[in-house]
Amino acid sequence: MITFLLQGLRISGPYVLAALAGVFSETGGVVNIALEGILLNGALAAVLAAYWTGSPWLGVLAGVLAGVAAAGIHAFAALRYKVDQVISGLAVNFLVAGLSRFLLKLVFNSTSNSARVEGLAPWAGVDPFLVLTVLIVIASHWTIKRTVFGLRLRAVGEHPRAAETLGIKVLRMRLWGVLISGALAGLGGAWLSLDQHQFTDAMSGGRGYIALAAVIIGKWTPLGAAAAALFFGFAEASQIILQTYGLRVPTQFVQMIPYALTLAAVAGLIGRSRPPAADGIPYSDEQD
Amino acid sequence: MMKALAREGRWIAISLGITFAVLVLSILALRQNPLTVFGLLAERLLLKPYGLGQMLYKATTLIFTGLGCALAFRCGLFNIGAEGQLYAGAFLMAVVAPHLPLPMILLIPACLAIAALGGGLWGLVPGWLKAKRGAHEVITTMMMNFIALALTNYLISAHFHEPETIHTAELPVAAYLPQLPMESSAVNASLFVAIALAFAVHYFLWSTPLGFELRAVGSNPTAAKTSGVPVDMRIFLILVLSGCLSGLAGINFILGYKHYFEQGFASGAGFMGIAVALVAKNYPIGVIFSALLFAFLSQAGLTVQSVIPRELFEILQGLVILVVVICQNKYGGAE
Amino acid sequence: MSGLAVELRGIVKRYPRVVANDGVDLSVESGTIHALIGENGAGKSTLMKILYGMVRPDEGTLSINGKPADFSGPRDAIIAGIGMVHQHFMLVKPLSVAENVVLGSEPGASAVGTWDQDGAKAEVARLSKEYGVKVESSAVVETLSVGEEQRVEILKVLYRGAKILILDEPTAVLTPHECDELFKTLKGLRAAGSTILFISHKLKEVMSLCDAATVMRRGKTVGTKKISETSQNELAQMMIGDLEIKEKAAVPYRGEASEVLRLENVSVRGPRDELALKGVSLSLKAGEVLGVAGVEGNGQRELAEVVCGLSAAAEGRVTRGGRVGYVPEDRHHAGLMLAAAAWENMLLGRHWEPVFSTPFRLQRGAIAGYGRKIIADYDLRPPELEQEAGAFSGGNQQKIIVGREVSKDPKILVAAHPTRGVDWGASALIHQKILETKAAGAGVLLISADLDEVLSLSDRIIVLFSGRVMGEVARADAKIEKLGCWMAGVSGT
């Protein structure tokens, strides 16, 4: 039972972080399909830094920074040049996929995986990532609900023109939303790779998209998205556990759960799930 | 066509220029001579039938999915579900075709129809959700992608795979599309189907009243509605037609190359179709050229990997998308 | 002077195609409710944007409370104590009332980034009580009624310390009961020392609420009157101006032709599910222009859409005698595909007609011929069928729409504000085409807020007010005063 719980939390962790990342970006009104690429970039950078410095904690830091960098590209195209946010997100995913393979080849001379690196040493038997993530979930909720930043972020995602008439810099707020998103998903990527002690090609494996599904199911709130991500993670864990006991639930059905639930949610079958009103709509500061 | 090219020339030139510059700088950074690399590309890719054939083979799949995306984008719907529609069409065709006792002249058209039907069915769900429940197509088509991948994987591994393999039974020889004589490359008659389809979509959108109507829905749905167009029905139709086009993409691999459905055979061609359509600014004829560009980048990596890592060209594919959409927004003029 | 809160002198604002303000003067006494009235397009909005710092005037001076002011943005205006309640509310729906009010100026910000949520609620409650603006400070905005939302907007302005409030057509979206509530609020604010600029074209409200009124027409101020020294009729006269009723009808209506459109007790629901058109009956004959006058937002849009079959009648029956042509009031939103070529816009809605297509082929030759005919008949400039609609001037865009709808040979032509924002030459041409359509035997329903237009083209005129027909009169018997009264919601003769 304990193993199941720990297994579930381990699997859920990157989902939870990526889902929170999605919440920050979309609360500010920027659709973030780039989560997949950000996770991957974070995972790669974490392993590279850990490999070169020998310190997994520097790996974590590098993962966060790499996530911010990938998110920065997304923000640059989507906010500065008003490129459609779905397109610029997809472009980042393609870019990072290529980049990660390139570096895998260049540094480790492999097409599939990196060398093994040191993982984080547990804190009193607990995975530090787990502690960090729990803290981040609480902090995210608090930030969105209680702080000036959270209030303004919600405002620019919902009605940017209204926010602007009150003197709030819309694009700057949105940029912060995307960059925070990058930091969180980058951390999620670092967890993913340091947990496995190596980077493998395409190791984000669609988690970024599942995180987006969690954002939708969780109705764009930090706690809701984190809960949905936990649910998806535990569904995956339970399937693995069941398999070890000889009960075969087809993996593919478990994989489908998040997507099918999301379809049901946007179709209005399981309660109303409504995105921030200005989510995905580019905003120009100029007066019209 | 020529007029369109003249109008679009500016951003095309600028974005290709930037991409080329990045390529040259990267090659220099890898301490290689760009001329060596370009020489290799010319010799082994563009001038050698095998290299050229492989590039055309890759372009073929991308033309189908690119057309599927371009049709939807042109009509104002951001269908990013080409990947799932591709798998749905290909899978349906691969499992139904072996049971059709038809001669070649009927079997191949039947296969095409089934593939289109499968893709269309996969587009039907988002179409219905959009028209009736107002669900945004970006979310629904994306979810349908992953459902298609998981579902076909399951069906193959549980029911339809040949023993000891991860693919379906082979199709009857009567369903084979002929290979083109370009050494041992995979390019086959699907290429002609794809090109013909590009012209057909172009004709449909710009020369038929229904195509005009669908573009009107994309241009201004309110004005279309005011002029008596049944907009909800048309949205539904657009997503289904778009699905049909992407559904056909599987024929390149299945009818023209390996003759069976294999897990993950298209590896992202549906997602790449989005990029192909965008770079082509959603012009069906432009899709042909845009697909060639991406196929070139993909094949170029393989061609020169003895000198530089082929993954460099994968980065370039992502970079091209970003550079092009930014240049289109910045230099593309109206539209 | 007991203190002028606002003084504008000689304000001029030119736009590329139109002079929006042409030497406007406005003096508003401190602590009064001052109305700014005029038809749409009279220049009220531009003037208020100038006062709120959103637009810079080309000429003229502003002074606020006796001090000269030069605003480079709304920020400056807010600092000077001016607040604007926009016609379209600027509210963040999922946030609470208190959050909306303090957004951007949150109280008690701490080092860790939090703010004083309870303090904000208390402050909003205090303002709400002090000024008598009743709204629950912790309620979520999306659960509020329109009237309550407006009160949140007023609180936003008060929270930022505004003593001069601009309300842009605040009653346009309110029910009568909500209007009464608003007026109580505004009177309370006046009692507390605020100055209020009240933009409206509903004269009855102005009479009951305001202390003074300034009338604008065609970018100029016509005059300012103390409410105690004027009458509703006088204000209506000032708004409308000295129109001479021009005879434009080329073919007089004979009054014996067949009926092409009949509405019996038709009611239609508006955007907020209220009845926007209430039990309207009318009959339109072939060869007749029926003018529908009235201040906008009194059911005109719903009338047009129900006649065209774009919305369903909640009650009653619509009988049409043939094809309907429709020139919608908002050409960018409902009329044109701006990114599509002129010929495509001319074809829209007619693309299935056998003249222009077979099921599998558009007849490009026939379409081009048709397009060239519209170009010639309407003097479309530039005469380019391939040019995108968005690249034409407003007048030429409207010619494309009118050309398309008139060339359908409709039995009924619904023209909603067909010459709004259109230059003089295009207007004259569009008027001529409407009369030609009538002469060709169609019935024309001409909906317009421009009384001049209605009077010069119509054979018969009805006035809509609050979704009902206030009165009907033959053009020959039409008196401006009477129409003005009807438009203001005053019945009688």
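A compact table of results
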quantity	calculated
Matching residues in segment C:77-99 - criterion: being at the interface with another protein chain (Cβ under 8 Å from one of its Cβ atoms) and open to solvent by less than 20 Å² (accessible area, probe 1.4 Å)	C:L91, C:V92, C:L95
When residues of segment B:49-75 are limited to those that are in contact with an Asp or Glu (Cβ under 8 Å, 6 or more places away or on another chain) and open to solvent by 10 Å² or more (accessible area, probe 1.4 Å), the one farthest from the other protein chains (Cβ to nearest Cβ)	B:P49
Residue check for A:I217: more than 10 Å from chain B (Cβ to nearest Cβ), surrounded by fewer than 22 Cβ atoms within 10 Å (Cβ to Cβ) and touching a residue at least 12 places away in the same chain (Cβ under 8 Å)	no
Qualifying positions in segment C:361-391 - open to solvent by less than 50 Å² (accessible area, probe 1.4 Å), within 13 Å of another protein chain (Cβ to nearest Cβ) and touching a residue at least 40 places away in the same chain (Cβ under 8 Å)	C:Q387, C:A389, C:G390
Which listed residue is away from chain A (no Cβ under 11 Å) and either under 13 Å from the mean Cα position of the chain (by Cα) or at pLDDT 90 or above (or both), from B:V323, B:V287	B:V287
Residue satisfying condition, being open to solvent by 10 Å² or more (accessible area, probe 1.4 Å), farther than 30 Å from A:E164 by Cβ and either in a helix (DSSP H, G or I) or among the polar types (S, T, N, Q) (or both), within set A:F4, A:F76	A:F4
Residue within segment B:130-139 that is at negative phi and under 18 Å from the mean Cα position of the chain (by Cα) present	yes
Every residue from segment A:79-114 that is open to solvent by 20 Å² or more (accessible area, probe 1.4 Å), touching a helix residue (DSSP H, G or I) at 6+ places or on another chain (Cβ under 7 Å) and outside any helix (DSSP H, G or I)	A:Y81, A:K82, A:S110, A:T111
Contacts under 9 angstrom Cβ, first residue in segment C:33-52 being open to solvent by 20 Å² or more (accessible area, probe 1.4 Å), partner polar (S, T, N, Q) and not in a strand (DSSP E or B), 6 or more apart	C:S45/C:Q87
Flag if B:L214 is more than 30 Å from A:I216 (Cβ to Cβ) and away from chain A (no Cβ under 14 Å)	no
Helices (runs of 4 or more DSSP H) contained entirely in segment B:222-335, each with at least 1 residues that are at negative phi and charged (D, E, K, R)	B:231-247, B:311-331
Residue match in segment B:264-277 (condition: aromatic (F, W, Y), buried (at least 19 other Cβ atoms within 10 Å of the Cβ) and in contact with a Phe, Trp or Tyr (Cβ under 6 Å, 6 or more places away or on another chain))	yes
Counted residues, segment A:251-269 - those being more than 7 Å from chain B (Cβ to nearest Cβ) and in contact (Cβ under 8 Å) with a residue 40 or more places away in the chain	3
Residue list for segment C:125-143, filter: part of a helix (DSSP H, G or I) and closer than 18 Å to C:F89 by Cα	C:V141, C:E142, C:T143
Those residues of segment C:5-17 which are at pLDDT below 90 and assigned to a strand (DSSP E or B), in sequence order	C:R14
Residue match in segment B:254-272 (condition: of a type in the set (K, R) and within 13 Å of chain A (Cβ to nearest Cβ))	no
Answer residue from segment A:124-153, given it is polar (S, T, N, Q) and within 11 Å of another protein chain (Cβ to nearest Cβ) and is surrounded by the most Cβ atoms within 10 Å (Cβ to Cβ) among those	A:T143
Residue in segment A:197-204 that is of a type in the set (A, V, I, L, M), away from chain C (no Cβ under 11 Å) and open to solvent by 10 Å² or more (accessible area, probe 1.4 Å) present	yes
Matching residues in segment C:104-118 - criterion: being over 21 Å from C:K163 (Cβ atoms) and facing chain A (nearest Cβ under 8 Å)	C:E106, C:A109, C:V112, C:G113, C:T114, C:W115, C:Q117
Considering residues of segment C:306-360 that are hydroxyl-bearing (S, T, Y) and open to solvent by 50 Å² or more (accessible area, probe 1.4 Å) only, the residue nearest to the other protein chains (Cβ to nearest Cβ)	C:T358
Qualifying residue in segment A:154-161 (condition: open to solvent by 50 Å² or more (accessible area, probe 1.4 Å), in a helix (DSSP H, G or I) and away from chain B (no Cβ under 14 Å))	yes
Residue list for segment C:426-472, restricted to those being at pLDDT below 90, surrounded by fewer than 18 Cβ atoms within 10 Å (Cβ to Cβ) and touching a Leu at 6+ places or on another chain (Cβ under 9 Å)	C:D452
Criterion violated by C:K121 - all others in (1) of a type outside the set (S, T, Y); (2) away from chain A (no Cβ under 13 Å); (3) buried (at least 19 other Cβ atoms within 10 Å of the Cβ); (4) assigned to a loop (DSSP other than H, G, I, E, B) satisfied	(4)
Output for segment C:146-181, where each listed residue is among the β-branched types (V, I, T) and at pLDDT below 85	C:V146, C:T171, C:V173, C:T175
Residue selected from segment A:39-68 under the condition out of contact with any helix residue (DSSP H, G or I) (no Cβ under 7 Å at 6 or more places or on another chain) and among the small types (G, A, S), by the criterion nearest to A:A121 (Cα to Cα)	A:S55
Qualifying residue in segment B:304-320 (condition: in contact with a Phe, Trp or Tyr (Cβ under 9 Å, 6 or more places away or on another chain), more than 12 Å from chain A (Cβ to nearest Cβ) and under 24 Å from A:V86 (Cα atoms))	no
Helices (runs of 4 or more DSSP H) contained in segment B:76-195 and holding at least 3 residues open to solvent by 30 Å² or more (accessible area, probe 1.4 Å) and within 14 Å of chain A (Cβ to nearest Cβ)	B:104-133, B:137-155
In segment A:52-75, the residues that are out of contact with any Leu (no Cβ under 9 Å at 6 or more places or on another chain) and within 10 Å of chain B (Cβ to nearest Cβ)	A:H74
Those residues of segment A:162-191 which are within 18 Å of the chain's Cα centre (by Cα), open to solvent by less than 30 Å² (accessible area, probe 1.4 Å) and among the β-branched types (V, I, T), in sequence order	A:V178
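The values are calculated or read from the model by the stated rules, or taken from the named source; none is laboratory data. Quantities reported herein were computed from a predicted structural model and do not represent experimental measurements. Because the Cβ atoms are built from the backbone with ideal geometry, glycine has one as well, and the counts that use them run over all protein chains shown. Heads up: the accessible areas ignore ligands, DNA and RNA and are worked out on the full protein's heavy atoms, side chains in. Shrake-Rupley method; radii C 1.70, N 1.55, O 1.52, S 1.80 Å.
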